[in-house]
Amino acid sequence: MSAESMPESIPQPGAQPPGRGGRGRRRKPRSAGRKALLATAWTAAGVLVLGGAGAGFLYFKLNGNLHSVDIDQVLGKNRPTKIDNGSENILVLGSDTRSGSNKKLGGGTDDGSARSDTAMIVHVYQGHKKASVVSIPRDTLVDRPACTDTKGTTHPAASAVMFNEAYSTGGAACAVKSVESLTGIRMDHYLEVDFAGFQRLIDDLGGVPVTTTKAIADPQSHLDLKAGTHTLDGQQALGLVRTRHGVGDGSDLGRIQLQQAFVKALLGQVKSVGVFSDPKKLYDLADTATKAVTTDSDLGSVNSLVDFADGLKGIDSRHMTMVTMPVQYDPADPNRVLLEKSKAHLVWDALKNDRPIPRSATKGTATGEADGVVSG
């Protein structure tokens, strides 16, 4: 079975679209070729919603841009029970491939592998007016369950491996299974984006305004920003969400803090872009967005993605809580982190019951030192 499936055809132009506190320690430097922020998936959804009201012509061709993975078929029935309380859980991942245009953007060796260096569980609460986002540090040591990839290859379980090893081993299906094993929560949807699509989408949006309270300089991620207000183009935005050496303690936890701040700025920009009066800009945005994402099969058409995104458009940054999965640094290796199981249980229990994540869940856990450096 192919890892990716192309969605079915869509209505022709003119057809009516469907309705609708521990402090982090200084860490050793890492390779610069790391994954961009997964907020592009949210941007893609937002762009489609902006155009969905009266631009039927957008549906022509865009459906063919999308790629999907049949997660449900691969994982079968041995999964957490779907919670029917009106909420949704979405795993948002990145594909840090080292080939093609991604190699040029991300650096590193073109070894044919792919990594998921940024991962977010997005919980949309009942009523779809609020959301919580839980970032999973790529350096977390976990026990990965045995899993089967979309080509039918079975991979044995592994103990004390980095979280992002699941994706590089077995792709999207193994990543979803690892998250469900870690959390006990069923992922309703899966969204993935890559380096090149992220950069193009930021450029198509006309950049994203942010304010930095400190200078950020990191030659490895091609970023050099003075303290102040900037409108980041695609390359600068990519540098910001990749950097781990330019600010804070140099850890992946600090990078997550920058990414979370950028997500909010990005969502704000998507909502503020005036695309209704510019059909070409609207089409360019939707074309880039649909090329940038890979989805689960349930979202594998423009119609389905628009319906899904329409349910998210009421959420803005003021009603979005962003936390990092509770962890502590590994005493045996400062470049790794370990799950704080009792505190993580508070997070997963809150999401299962569609409740806000309690402040006690993250109090005293390891953090980076980049909180407040970037704002939208």
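The values are calculated or read from the model by the stated rules, or taken from the named source; none is laboratory data. Bear in mind the structure is a predicted one, so any value in this text is a computation, not a measurement. No Cβ is skipped: glycine too gets one built from the backbone with ideal geometry, and neighbour counts run over all protein chains shown. SASA here: full protein model, heavy atoms, side chains in, ligands and nucleic acids out. Shrake-Rupley method; radii C 1.70, N 1.55, O 1.52, S 1.80 Å.
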Specify which of the listed residues (313, 291, 281) is under 19 Å from the mean Cα position of the chain (by Cα), basic (Lys, Arg) and not in a loop (DSSP other than H, G, I, E, B). 291
Restricting attention to the range 334-361, and to residues there that are in contact with an Asp or Glu (Cβ under 9 Å, 6 or more places away or on another chain) and in a strand (DSSP E or B), which single residue is nearest to residue 184 (Cα to Cα)? 338
Can you tell me which residues in the range 320-339 are over 16 Å from residue 251 (Cβ atoms) and open to solvent by 50 Å² or more (accessible area, probe 1.4 Å)? 321, 332
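Can you tell me which residue within the range 294-307, out of those that are in a helix (DSSP H, G or I) and open to solvent by less than 20 Å² (accessible area, probe 1.4 Å), is nearest to residue 272 (Cα to Cα)? Step through it out loud before you land on a result.
Going through the range 294-307, the residues in a helix (DSSP H, G or I) turn out to be 297-299, 302-307.
Still in the list and also open to solvent by less than 20 Å² (accessible area, probe 1.4 Å): 299, 302, 305-306.
On the way: 299: 25, 302: 22, 305: 20, 306: 18 Å.
Residue satisfying both the conditions and the ranking: 306.
Residues to consider are 361, 292; find the one that is among the hydrophobic types (A, V, I, L, M, F, W, C) and under 30 Å from residue 270 (Cα atoms). Walk me through it before giving the result.
Working: 361 fails: under 30 Å from residue 270 (Cα atoms).
292 is the lone residue from the list that is among the hydrophobic types (A, V, I, L, M, F, W, C) and under 30 Å from residue 270 (Cα atoms).
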In the range 340-361, which residues are open to solvent by less than 50 Å² (accessible area, probe 1.4 Å) and among the small types (Gly, Ala, Ser)? 344, 350, 361
Residue check, residue 114 over 29 Å from residue 313 (Cα atoms), at pLDDT below 90 and buried (at least 19 other Cβ atoms within 10 Å of the Cβ): yes
Here the residues within the range 127-154 that are in a strand (DSSP E or B) and open to solvent by 30 Å² or more (accessible area, probe 1.4 Å) are 141, 143, 148, 154
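Quickly run through the range 339-353 and pick out the residues that are within 21 Å of the chain's Cα centre (by Cα) and among the hydrophobic types (A, V, I, L, M, F, W, C). Before you say what the answer is, go through the steps one by one.
Keep residues of the range 339-353 that are within 21 Å of the chain's Cα centre (by Cα), which gives 339, 344, 347-348, 350-352.
Residues satisfying the conditions are 339, 344, 347, 348, 350, 351.
Residue 364: out of contact with any Phe, Trp or Tyr (no Cβ under 6 Å at 6 or more places or on another chain), modelled with pLDDT of 90 or more, open to solvent by less than 50 Å² (accessible area, probe 1.4 Å) and not in a helix (DSSP H, G or I), yes or no?
Values: out of contact with any Phe, Trp or Tyr (no Cβ under 6 Å at 6 or more places or on another chain): yes; modelled with pLDDT of 90 or more: yes; open to solvent by less than 50 Å² (accessible area, probe 1.4 Å): yes; not in a helix (DSSP H, G or I): yes.
For residue 364, the condition - out of contact with any Phe, Trp or Tyr (no Cβ under 6 Å at 6 or more places or on another chain), modelled with pLDDT of 90 or more, open to solvent by less than 50 Å² (accessible area, probe 1.4 Å) and not in a helix (DSSP H, G or I) - is met.
Quick check on the range 143-157. Is at least one of its residues aliphatic (A, V, I, L, M) and at pLDDT below 95? If you could, list the steps in order and put the result at the bottom.
Of all residues in the range 143-157, those aliphatic (A, V, I, L, M) come to 146, 157.
From what is left, the residues that are at pLDDT below 95 are none.
No, there is no match, as no residue in the range 143-157 is aliphatic (A, V, I, L, M) and at pLDDT below 95.
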